[in-house]
Amino acid sequence: MLDLRRRQFLTLLGGAAGAWPLAARAQPAMPVVGFLRDTSLSDATHLIAAFGQGLKEAGFIAGQNVAVEYRSAEDQAHRLPALVADLVASRRP
């Protein structure tokens, strides 16, 4: 009897493990938009607000149906390619 229960448990566990990736893939991924700036974000509050308003006018609300990632090179323009690569890499499945 114990052997039968163990087999049933393992069968159930194996089926759940097999179905989990399918369920995870079935959920639509939230789109990601990057806000990248070569100077500090602290002096760009008006730009960030305008960016958010533009997203809203296009039907996107940060945190609800779009994720917004903010990056700044902090006046070091040579860092921009690495920041772009970081944005792209951070949202890969």
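When you go through LEU36, LEU12 one by one, which is the residue that is modelled with pLDDT under 95 and either in a helix (DSSP H, G or I) or of a type in the set (Phe, Trp, Tyr) (or both)?
So the residue among LEU36, LEU12 that is modelled with pLDDT under 95 and either in a helix (DSSP H, G or I) or of a type in the set (Phe, Trp, Tyr) (or both) is LEU12.
Looking across region 56-93, just one residue is of a type in the set (Asp, Glu), on the phi > 0 side of the Ramachandran plot and surrounded by fewer than 12 Cβ atoms within 10 Å (Cβ to Cβ), and that is ASP75.
Scan region 55-93 for residues that are part of a helix (DSSP H, G or I) and polar (S, T, N, Q) and the total you get is 1.
Could you please tell me which pairs satisfy a Cβ distance under 6 Å, a separation of 6+ or placement on different chains, a first residue in region 38-61 that is more than 21 Å from LEU83 (Cβ to Cβ), and a second residue that is surrounded by 10 or more Cβ atoms within 10 Å (Cβ to Cβ)? Final answer for the pair search is PHE60/VAL66. For region 41-55, a residue qualifies if it is of a type outside the set (Phe, Trp, Tyr) and surrounded by 14 or more Cβ atoms within 10 Å (Cβ to Cβ), and the qualifying residues are LEU41, ALA44, ILE48, GLY52, LEU55.
The values are calculated or read from the model by the stated rules, or taken from the named source; none is laboratory data. Note that the structure is predicted; figures quoted are calculated from it, not measured. Every residue, glycine among them, receives a Cβ derived from its backbone with ideal geometry; neighbour counts consider all protein chains shown.
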